[in-house]
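The values are calculated or read from the model by the stated rules, or taken from the named source; none is laboratory data. A quick note: this is a predicted structure, and the numbers were derived from the prediction, not measured. Ideal geometry is used to build each Cβ from the backbone, glycine not excepted, and the neighbour counts take in all protein chains shown.
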Amino acid sequence: MILSTAKQISARNVLEGLRQGLSRFSGPSRAALIMAETPDAPLVVHDPRRLLRGHEPKLAKVFLESSGWRDMAPDTAAMKPFGQAAWAEKLHLTGLICAGGYSQPLFYQMWFTERHPNMCSTGPTERWLEHAVWLLAHDYASEGAFFTSASKHALEAFEHHAVRNHIFAEMSKGLGRPPHIPLYPILAAVLDISTTREEGARPTGQVIFVEPSDADNVPWLIRFPEVERPYLHNAKHVRKLLSCVENSSRRLVSDGDRVLGVSGPANGLANRLTADFQDRFGFLRLGGKPVCSFVDGVYQSTTRKPNLVVLEEALLEAQAGPDQGHSLFQVASAIVDEARVEGFGCTLVLDPKATHPALAGQSVHPSLFLDDPLHLDLAKSLAKLDGALHLTGGGELRAFACLLDGRSVESEDRSRGARFNSALRFTAMHPGVIVVVVSADSPVFIFQGGLQLNAMCDLRQEADLELDPPTLEKWLSEQ
């Protein structure tokens with residue numbers, strides 16, 4: 001019983017380390033595990049935050065109505081207890097990412113986490129789940145002899161390794177061999193460069209990393225002599241060189257160790273790894289496809305674009321015509337995206353049925369119809385001013401620099417700024433309007449009826465450690 005308890009604690013520690021690490025990489029996340037310790041053991045479910053609820057029919061079909069997951073398993077008894085595993089067939093569950101495997105110490109594991117709608121790629125997260133398979137198998141192989149929570153801490157800080165492992169796997173597929181460029185030094189250098197300013201300005205421009213064998217295929221504009229090539233880890237020097245490629249189709253070219261020169265567009269290099277610096281944040285791309293973003297010296301999975309699905313749904317329910325609702329959504333999205341890219345905060349008051357009286361601000365007579373690109377461009381600039389834009393109907397600008405007032409409400413948050421709390425108060429008094437607030441550091445908040453529509457749930461840590469997880473049959477019966 002002591003050994004069993006140590007193993008279950010290991011499972012919960014790995015689960016919590018995975019959740020915390022993914023929450024930093026992708027935003028608030030949940031994680032779950034379905035496992036069977038031996039070929040004859042029943043499946044048990046670790047799902048402390050109800051991630052798998054709603055997927056019961058598919059789970060019952062895969063695991064109870066079929067024995068394929070057990071019958072198709074490799075001979076785990078012949079495997080080495082450490083360092084050997086075979087990957088299991090992935091499940092296809094809407095909104096979830098999963099990965100699992102078979103091993104000698106732990107017969108079957110299948111890990112799950114959320115698929116956030118604004119992820120650049122699911123690849124790094126899949127590598128994260130695969131590493132959880134390795135770590136838990138190793139913990140079971142040690143049989144609790146080394147109970148240090150090391151696996152939990154390793155998963156909490158796995159973002160560099162997850163990104164590197166994904167890039168390594170994808171480049172190996174494309175090249176037919178492991179890549180020769182040093183991926184860990186590249187990832188460290190990209191973050192160093194991204195936080196290095198030149199005369200107060202953040203970096204913009206692109207650096208591409210190419211295999212030595214591809215160097216002759218680069219469309220060179222300048223190729224530095226070998227003895228004069230700057231080292232990539234010299235972030236200050238590379239930041240200065242970026243000045244010659246910003247706002248252009250030119251690129252700095254590196255082999256991961258040094259900067260080799262300056263090229264023109266290099267779209268023909270299929271396996272190129274690109275660091276795209278965009279002032280406040282940036283992106284890593286492989287073959288032109290996004291892998292992840294980086295901001296403030298950390299890697300994240302987000303595309304940096306706000307998820308406005310909640311806003312679109314709210315406009316559809318506002319009883320405006322479908323065409324008007326769509327037009328107003330497109331206008332609001334364009335202004336929000338401009339604020340995100342330029343890094344300024346703003347507030348939009350969306351009045352779909354144009355029933356709200358004139359706001360205290362600068363009126364626009366006649367109203368500007370923002371389906372005109374020139375008018376929309378002007379509205380984006382006006383959004384930078386203090387105060388809100390008043391948008392009605394299908395995207396008409398009625399006023400700008402508007403003041404929002406209202407009585408205090410219980411849902412106010414004093415840790416937020418004036419825009420946030422003013423929007424709460426204003427929508428509590430005027431339920432027919434929707435207010436969108438863009439913070440200067442990019443978060444987007446959507447309010448209606450005195451509530452934040454896109455608020456995140458607080459995923460608190462479980463108070464008690466579940467040492468006796470339910471079997472899958474019992475878990476399904478509790479739905």
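Quick test of your reading of the structure: Met456 fulfils all but one of (1) closer than 29 Å to Ala388 by Cα; (2) modelled with pLDDT of 85 or more. Name the failing condition by number.
(2)
Test of understanding: among Thr94, Thr195, Thr122, Thr113, which residue is assigned by TED's automatic domain parsing to the domain that holds Leu284, of a type outside the set (Asp, Glu) and either out of contact with any Leu (no Cβ under 8 Å at 6 or more places or on another chain) or buried (at least 20 other Cβ atoms within 10 Å of the Cβ) (or both)? Can you show your working first?
On the way: Thr94 fails: assigned by TED's automatic domain parsing to the domain that holds Leu284; Thr122 fails: assigned by TED's automatic domain parsing to the domain that holds Leu284; Thr113 fails: assigned by TED's automatic domain parsing to the domain that holds Leu284.
It is Thr195.
Going through Gly264, Gly268 one at a time, which residue ends up being assigned by TED's automatic domain parsing to the domain that holds Asp192, in contact with a Lys or Arg (Cβ under 9 Å, 6 or more places away or on another chain) and not aromatic (Phe, Trp, Tyr)?
So the residue among Gly264, Gly268 that is assigned by TED's automatic domain parsing to the domain that holds Asp192, in contact with a Lys or Arg (Cβ under 9 Å, 6 or more places away or on another chain) and not aromatic (Phe, Trp, Tyr) is Gly264.
Looking only at the stretch 342-366, which residues are small (Gly, Ala, Ser), under 23 Å from Leu308 (Cβ atoms) and either surrounded by 16 or more Cβ atoms within 10 Å (Cβ to Cβ) or more than 35 Å from the chain's Cα centre (by Cα) (or both)? It would help to see each step written out before you state the result.
Pass one, the stretch 342-366, residues small (Gly, Ala, Ser): 343, 345, 354, 358, 360-361, 363.
Cutting the leftovers down to under 23 Å from Leu308 (Cβ atoms) gives us 343, 345, 354.
Correct list: Gly345, Ala354.
Conditions first: (1) surrounded by 15 or more Cβ atoms within 10 Å (Cβ to Cβ); (2) modelled with pLDDT under 90. Ala77 passes all but one, so which condition is the exception?
With (1) surrounded by 15 or more Cβ atoms within 10 Å (Cβ to Cβ); (2) modelled with pLDDT under 90 applied to Ala77, the lone miss is (1).
Looking at Ser293 and the list (1) surrounded by 16 or more Cβ atoms within 10 Å (Cβ to Cβ); (2) in a helix (DSSP H, G or I); (3) among the hydroxyl-bearing types (Ser, Thr, Tyr), which single condition is not satisfied?
Result: Ser293 passes all but (2).
Considering only the stretch 89-97, I want to know if a residue exists there that is modelled with pLDDT of 95 or more and either over 20 Å from Ser10 (Cβ atoms) or in contact with a Phe, Trp or Tyr (Cβ under 7 Å, 6 or more places away or on another chain) (or both).
yes
Quick one: how many residues across the stretch 198-209 are surrounded by 15 or more Cβ atoms within 10 Å (Cβ to Cβ), out of contact with any Lys or Arg (no Cβ under 6 Å at 6 or more places or on another chain) and among the hydrophobic types (A, V, I, L, M, F, W, C)?
Residues meeting the conditions: 2.
If you go through the stretch 194-244, how many residues are in contact (Cβ under 8 Å) with a residue 60 or more places away in the chain, within 16 Å of Gly256 (Cα to Cα) and in a loop (DSSP other than H, G, I, E, B)?
Adding up the residues that qualify gives 2.
Confirm whether Trp87 is of a type in the set (A, V, I, L, M, F, W, C), surrounded by fewer than 16 Cβ atoms within 10 Å (Cβ to Cβ) and in contact with a helix residue (DSSP H, G or I) (Cβ under 9 Å, 6 or more places away or on another chain). Walk me through it before giving the result.
Numbers: of a type in the set (A, V, I, L, M, F, W, C): yes; surrounded by fewer than 16 Cβ atoms within 10 Å (Cβ to Cβ): yes; in contact with a helix residue (DSSP H, G or I) (Cβ under 9 Å, 6 or more places away or on another chain): yes.
Judged against the criteria, Trp87 is a match.
Residue-by-condition table, conditions (1) over 17 Å from the mean Cα position of the chain (by Cα); (2) closer than 15 Å to Ser10 by Cβ:
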residue: Phe112; (1), (2): no, no
residue: His116; (1), (2): no, no
residue: Leu129; (1), (2): no, no
residue: Leu155; (1), (2): no, yes
residue: Ile167; (1), (2): no, no
residue: Gly176; (1), (2): yes, no
residue: Pro182; (1), (2): yes, no
residue: Glu198; (1), (2): yes, no
residue: Thr204; (1), (2): yes, no
